[in-house]
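To start, the structure under review is shown below, and the notes come after it.
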Amino acid sequence: MTIPTIPIPRSIASKLHYPQEPIKDEKGTVLEKMLRIFREKVSMLKLKDVSEFNFSTSIFAAGIFDHKGGNLTIKDADVNLFIPEGAISRGTRKEVYIYLDPDEHLNQEQPNETRVAPIIHCGPPGTTFEVPFVLSFPHCAENKDHWTFSGKIKDSRDADSDWEPIDDTEGISFVYEDHCIVMVKHFTGITMAGIAEIEGIKRMNICSFGKDYNGGNTYTFKVRAFNLYDKEAVIKYQSKNKETPRDDVQIIRVQNTGEDVKVNLKEIKDGWQSAYEPEMTLKHAKLWYETSGDGSDPPARCRFRLKNTDLNNHDSVYCRMKVKQNGNTDEEYLEMDTERIPDETQIIPPPADDVDFNLQMCRRIAGDTQHSFYSKLPEEVCHRLMTNLDVEREGKNGPLDWRALADAMGIKADTIEWMRIKVKDPTLNLLMLLDIKYKTPYEFCNTLYEKLREAELLREAEWISPYTSGVARS
């Protein structure tokens, strides 16, 4: 990875040990953005203050170090880098950072091997020291006497490089109490893996994920189990599917017996029942080993579907589940709780494709409710969208109405069909969903514009275009 830098005053840059390269644009990876912020802050410091300045977030920390050494810490993740005195030559200052990569995974080379710690990149990659530095970070293994641990390193500059064990020529790695310790003399990617006997235990997170309840007669949600250090990546991945956590993230203890973990529905709110079997399985192999290099294939998941049994209008959906591994005495309880999203109705007039648009007429027919998204997109434009998209029209490649927009928003086909039958004002409901998700006019309008373009509703996208950023219109 090429790390962009910003211009540093010569009085400071001449004393720092990292290459000066121009920033090409304002985008980049999370790491590149963090480094940009750090270097901007360094550029405003006096030389005498540089070595006293550290910058950190929940997954990143950076500082300038000299021959005195020191500590660099990501407090939220309990990760610490210690550079001993003398590791850096006297008269030299080096930029140093540590970064937790939430998206990278470890492809195991050894049978039965599993990762037990986060992946940490120390950088700039390739930076060397006179004596070894010490990196400490937590692991998720229990019953350590029944584990064989192996420190792993990888060249951060080469995305295609393999993870290799840390041997005596590279340095040393070991587990002490609840932390991993790695001591090497050059910056690289670092993590810890292990092979467990039957008695070995791995702590994992588990949580329920689902979309907002829209008042329908069914509700589907997922239960996912994942590594402790993958929490941010998993939540980010689920949010792409409009699914958010429906309970606090819990911890389960999985033993390496090969036995699966069972998730049982135990309590369901009155008026609801399970549409599938009330017991689902999380496979041990999926729990224990990483199966994807990009995180898109979750370590373990199962899906539940609840259905309305009394056909009443419910304002929420709730259930409680017991989580237990076969043969393991430990058990945890997990909840799924979601409230119905706001429900407003209106009657939309016939399409106005070829006639003048009359806002006052629309208000008389549809009512003058002031929806919150009117503060993000003018009322007249919203009514124009609802007037046109609510009328079903077929194109060569499929629908050219609200159904195409719903599909572009990631709404499933069975939900779209339910809306077609049950909902009088589907476009209004789609705008309300976007309004709930995107809080600022910028986010709302740009997302709506992009989804309309994706749905090939080009005319409607042009109506939104004046209210979007230049990036979205390009």
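The values are calculated or read from the model by the stated rules, or taken from the named source; none is laboratory data. Just so it is clear, the model here is predicted, and its values are computed rather than measured. So basically every Cβ, Gly included, is an ideal-geometry build from the backbone, and we count neighbours across all protein chains shown. These accessible areas exclude ligands, DNA and RNA; they are computed on the full protein's heavy atoms, side chains included. Shrake-Rupley method; radii C 1.70, N 1.55, O 1.52, S 1.80 Å.
For (1) at pLDDT below 95; (2) of a type in the set (Lys, Arg); (3) part of a helix (DSSP H, G or I); (4) open to solvent by less than 10 Å² (accessible area, probe 1.4 Å), each residue gets a yes or a no:
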| site | (1), (2), (3), (4) |
| --- | --- |
| 226 | yes, no, no, yes |
| 231 | yes, yes, yes, no |
| 237 | yes, no, yes, no |
| 242 | yes, yes, no, no |
#### Entry: Pick from region 105-118, criterion out of contact with any Leu (no Cβ under 7 Å at 6 or more places or on another chain) and open to solvent by less than 20 Å² (accessible area, probe 1.4 Å), ranking: nearest to residue 183 (Cα to Cα)
117
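Taking residue 194 as the residue in question, decide whether it is in contact (Cβ under 8 Å) with a residue 60 or more places away in the chain and not in a strand (DSSP E or B). So that I can check it myself, show each step before the final result.
On the way: in contact (Cβ under 8 Å) with a residue 60 or more places away in the chain: yes; not in a strand (DSSP E or B): no.
Spelling it out, it is not the case that residue 194 is in contact (Cβ under 8 Å) with a residue 60 or more places away in the chain and not in a strand (DSSP E or B).
Filter region 244-259 for residues that are over 18 Å from the mean Cα position of the chain (by Cα) and in a loop (DSSP other than H, G, I, E, B); which is surrounded by the most Cβ atoms within 10 Å (Cβ to Cβ)? Working first, answer last.
Initially, region 244-259 is screened for residues over 18 Å from the mean Cα position of the chain (by Cα), giving 251-259.
After this cut, where a residue has to be in a loop (DSSP other than H, G, I, E, B) as well, the list is 256-259.
On the way: 256: 21, 257: 15, 258: 11, 259: 13.
Among residues in region 244-259 that are over 18 Å from the mean Cα position of the chain (by Cα) and in a loop (DSSP other than H, G, I, E, B), the one surrounded by the most Cβ atoms within 10 Å (Cβ to Cβ) is 256.
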### Top-ranked residue in region 38-74 [being at pLDDT below 90 and among the aliphatic types (A, V, I, L, M); ranked as surrounded by the most Cβ atoms within 10 Å (Cβ to Cβ)]
42
## Note on the structure
Scanning region 400-427 for residues that are closer than 17 Å to residue 454 by Cα, open to solvent by 50 Å² or more (accessible area, probe 1.4 Å) and not small (Gly, Ala, Ser) gives 400, 407, 412
### Task
Please list, ordered by first then second residue, the pairs with beta carbon atoms under 7 Å, 6 or more apart or interchain, first in region 89-104 and without any contact (Cβ under 8 Å) to a residue 40 or more places away in the chain and open to solvent by 20 Å² or more (accessible area, probe 1.4 Å), second in a loop (DSSP other than H, G, I, E, B) and not β-branched (Val, Ile, Thr).
90/67
### Residues (within 18 Å of residue 288 (Cα to Cα) and open to solvent by 60 Å² or more (accessible area, probe 1.4 Å)) located in region 260-271
none
#### Entry: Count - residues of region 428-452 that are more than 14 Å from residue 214 (Cβ to Cβ) and open to solvent by 50 Å² or more (accessible area, probe 1.4 Å)
6
### Task
Tell me, yes or no, whether region 24-36 has at least one residue that is surrounded by 13 or more Cβ atoms within 10 Å (Cβ to Cβ), assigned to a strand (DSSP E or B), under 23 Å from the mean Cα position of the chain (by Cα) and modelled with pLDDT of 70 or more.
no
